[in-house]
Amino acid sequence: MAAYAAAWASFGAGHSLLARDAPRAALRRVFGRGMRLAWNAIALVHLGLVLWVGHAFVPPLGPAALPAWVQALRLALGLGGVGVMWAASRSYDMRRLLGTAQLAGPEVVDDEPFSARGLLGWVRHPLYSGGILVLLAGVGDLRSAATCVLATAYILVGLRFEERALLRRFGTVYARYRAAVPALVPWRGRAWSAG
């Protein structure tokens, strides 16, 4: 289990390091307009290695069969999480987020302008909200429970760093948005109007 936790910590540290200005500039020198795509590819390979460590070092101990109501709950959480992520993706320029839009021309910048449209008026990080639901839905044994706990911890820690970067980038408007809109759980309802 310690190796899996260390692997997740390495993913978090690596992802945070590559999100800083100097490493991003170095990646841009190497990959040019493909920097964001390369950054995502590096993260995907690193995540694959993390999951391999989990598979290699954490046994899938758990019940042979889960009760039907637990299976139904897992299905509902999973479908809900995928639905939230799909709806959230409509609030972002996914081509820009993935890095494919930047390949079309140098005028496309990596970062999007501030927006609170769609689900962003309900929660600040709807992709993470949906991702956590999917992680919870996947829990069925020791390995998947460890993955859920460690990945959720990564999301929560990374969210703090991301919030600081968003405050630096957008200043007062993001501070007001952050004060009004919850991070992950839409307990206030629609707390911010995009109009």
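Structure data summary
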| quantity | calculated |
| --- | --- |
| Helices (runs of 4 or more DSSP H) (entirely within the range 73-183) containing at least 3 residues that are over 14 Å from the mean Cα position of the chain (by Cα) and within 22 Å of residue 13 (Cβ to Cβ) | 142-170 |
| Contacts under 7 angstrom Cβ, first residue in the range 91-105 being within 14 Å of residue 118 (Cβ to Cβ) and in contact (Cβ under 8 Å) with a residue 12 or more places away in the chain, partner among the charged types (D, E, K, R) and surrounded by fewer than 16 Cβ atoms within 10 Å (Cβ to Cβ), 6 or more apart | 91/117; 92/112; 93/112 |
| Pairs with Cβ under 6 Å, 6+ apart, first in the range 15-38 and in contact (Cβ under 8 Å) with a residue 60 or more places away in the chain and over 26 Å from residue 153 (Cα atoms), second among the basic types (Lys, Arg) and assigned to a helix (DSSP H, G or I) | 35/28 |
| Any hit, the range 65-78, residues being aromatic (Phe, Trp, Tyr) and either surrounded by 13 or more Cβ atoms within 10 Å (Cβ to Cβ) or over 16 Å from residue 136 (Cα atoms) (or both) | no |
| Checking residue 119 against (1) modelled with pLDDT of 95 or more; (2) closer than 22 Å to residue 94 by Cα; (3) aliphatic (A, V, I, L, M), the condition it does not meet | (1) |
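The values are calculated or read from the model by the stated rules, or taken from the named source; none is laboratory data. Only a predicted model underlies this, so the values are computations on that prediction, with no experimental measurement involved. Don't worry about glycine lacking a Cβ; one is built from the backbone with ideal geometry, like all the others, and counts go over all protein chains shown.
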